[in-house]
Amino acid sequence: MTVFAVEYVYDAESAQTRDAARPAHREWTANLAQEGTLLASGPYSDGAGALLIFKAADEQALNELLREDPFAGAGAISGTRTMAWAPVTGQLAGHAG
């Protein structure tokens, strides 16, 4: 499994859309965290985006998973940046394999 850092970018105009989709988005992230696919997630303090850390077999599997996010279905995400990441120190170290 590979660890991926995924950055969501939000437009200021999508605040209402995010608010409406947030309960479903949080349920989706909670389920992924429970199964160990999502290692951490949360919004930036300025409201301009969020960072999510996933484990996935490869980038294709990750992209399929990201399409299931209720925020994606609602059009709440204006952009994403995805990078494979190899944490070597800290609590997430050792999750890449």
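The values are calculated or read from the model by the stated rules, or taken from the named source; none is laboratory data. As the structure is a prediction and not an experimental result, all values here were calculated from the model. We place every Cβ from the backbone using ideal geometry, glycine too, and count neighbours over all the protein chains shown.
For this structure, a couple of remarks:
- Top-ranked residue of the range 50-97 - restricted to ones that are in a strand (DSSP E or B) and in contact (Cβ under 8 Å) with a residue 60 or more places away in the chain, ranked as farthest from M1 (Cα to Cα): G79
- Residue match in the range 32-40 (condition: modelled with pLDDT of 95 or more and touching a Gly at 6+ places or on another chain (Cβ under 7 Å)): no
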